[in-house]
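Reading through the structure tokens given below for one structure.
The values are calculated or read from the model by the stated rules, or taken from the named source; none is laboratory data. These figures come from a predicted structure and were not determined experimentally. No Cβ is skipped: glycine too gets one built from the backbone with ideal geometry, and neighbour counts run over all protein chains shown.
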């Protein structure tokens with residue numbers, strides 16, 4: 001048997017540990033409604049408003065989109081305000097993208113462009129976008145070395161005044177300080193399904209923590225690497241690739257949306273020394 005591709009591994013991971021994202025389920029549609037409310041707040045941010053002033057057509061890309069809840073919700077908010085939207089969704093999971101196309105057709109009246117893509121691989125930039133989104137608390141899939149590659153690719157996709165907005169949480173606070181890191185953690189406990197995640201080691205060079213996800217009823221398993229980002233570290237890395245970063249608080253002080261404005265086309269150390277990001281200046 002050949003080596004499992006990253007796309008196959010991600011499909012297996014989300015089959016074992018489904019994320020609430022399928023808008024055809026009551027829970028998934030409820031989450032979509034929640035995301036719509038957040039997007040209303042996001043669109044009101046000054047940096048987004050600056051982009052909307054100069055454009056009638058907004059080009060949006062949803063990175064690691066899954067079933068596209070964020071990209072579709074953001075596009076719906078813009079269309080309700082009279083803007084035309086071109087939407088692209090990229091993800092490693094083909095089946096998720098297929099579902100996203102169907103839901104977008106219902107919500108937006110058109111199917112978005114979809115691409116099966118690993119955002120950490122070198123990309124030939126095929127189009128420029130005004131806004132890039134990443135939703136679903138996705139950053140733990142990327143250790144610092146991979147996060148840099150993600151930021152490089154996203155900054156290359158954006159226009160000079162483009163925006164990158166992504167959902168983020170402080171996992172150092174939530175996991176290590178409040179709950180405490182668990183070697184064995186019940187992830188799903190149902191009558192016909194019991195899924196555990198088990199600590200399987202840590203790579204000090206990458207920062208990855210290895211967790212084995214296993215369904216005790218079926219024996220299905222997959223090993224995954226996670227990196228527990230906090231808000232400050234995530235935002236600081238992002239700031240090195242964007243001229244400014246801000247934070248839109250959602251639900252609590254440790255969860256919200258990091259908003260990055262204007263990708264840097266050259267990283268100059270003196271620029272970093274001279275500027276205080278919006279996120280920590282107030």
If I filter the stretch 114-145 down to residues being under 18 Å from residue 83 (Cβ atoms) and loosely packed, with under 15 Cβ neighbours inside 10 Å, which single residue comes out as modelled with the lowest pLDDT? 127
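Okay, residues lined up against (1) outside the structural domain of residue 155 (by TED's automatic domain parsing); (2) over 18 Å from the mean Cα position of the chain (by Cα); (3) at negative phi; (4) part of a loop (DSSP other than H, G, I, E, B):
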residue	(1), (2), (3), (4)
55	no, yes, yes, yes
67	no, no, yes, yes
72	no, no, yes, no
87	no, no, yes, no
114	no, no, yes, no
Checklist (1) surrounded by 14 or more Cβ atoms within 10 Å (Cβ to Cβ); (2) at pLDDT below 95 applied to residue 272, failing item: (1)
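Every residue in the stretch 74-84 that is assigned to a helix (DSSP H, G or I) and touching a helix residue (DSSP H, G or I) at 6+ places or on another chain (Cβ under 8 Å), please. Steps first, answer last, please.
Pass one, the stretch 74-84, residues assigned to a helix (DSSP H, G or I): 74-80.
74, 75, 76, 77, 78, 79, listed by residue number.
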Right, residue 214: over 30 Å from residue 49 (Cβ atoms), at pLDDT 95 or above, not in a helix (DSSP H, G or I) and not assigned by TED's automatic domain parsing to the domain that holds residue 40 or not? yes
Go through the residues of the stretch 165-175 one by one and say whether even a single one is surrounded by fewer than 14 Cβ atoms within 10 Å (Cβ to Cβ), in the same structural domain as residue 127 (by TED's automatic domain parsing), touching a strand residue (DSSP E or B) at 6+ places or on another chain (Cβ under 8 Å) and under 24 Å from residue 65 (Cα atoms). no
Across the stretch 129-160, what is the number of residues that are out of contact with any helix residue (DSSP H, G or I) (no Cβ under 6 Å at 6 or more places or on another chain), under 20 Å from residue 229 (Cα atoms) and assigned to a strand (DSSP E or B)? 1
Anything in the stretch 33-51 that is without any contact (Cβ under 8 Å) to a residue 60 or more places away in the chain and either outside the structural domain of residue 97 (by TED's automatic domain parsing) or buried (at least 16 other Cβ atoms within 10 Å of the Cβ) (or both)? List them, or say none. 36, 39, 43
With the condition kept exactly as written, say whether any residue in the stretch 40-49 is out of contact with any helix residue (DSSP H, G or I) (no Cβ under 9 Å at 6 or more places or on another chain), part of a loop (DSSP other than H, G, I, E, B) and farther than 30 Å from residue 262 by Cβ. no
Hey, can you tell me all the residues within the stretch 1-38 that are part of a loop (DSSP other than H, G, I, E, B) and at pLDDT 90 or above? 22, 23, 24, 25
Kindly indicate whether any position in the stretch 93-100 is in a loop (DSSP other than H, G, I, E, B), touching a helix residue (DSSP H, G or I) at 6+ places or on another chain (Cβ under 9 Å), modelled with pLDDT under 95 and surrounded by fewer than 22 Cβ atoms within 10 Å (Cβ to Cβ). yes
Could we say that residue 195 is more than 20 Å from the chain's Cα centre (by Cα), part of a strand (DSSP E or B) and crowded, with 18+ Cβ neighbours inside 10 Å here? yes
Among the residues of the stretch 260-282, what is the count of those that are within 28 Å of residue 37 (Cβ to Cβ) and out of contact with any helix residue (DSSP H, G or I) (no Cβ under 6 Å at 6 or more places or on another chain)? 5
Can you tell which of 245, 222 is touching a helix residue (DSSP H, G or I) at 6+ places or on another chain (Cβ under 8 Å) and in contact (Cβ under 8 Å) with a residue 60 or more places away in the chain? 222
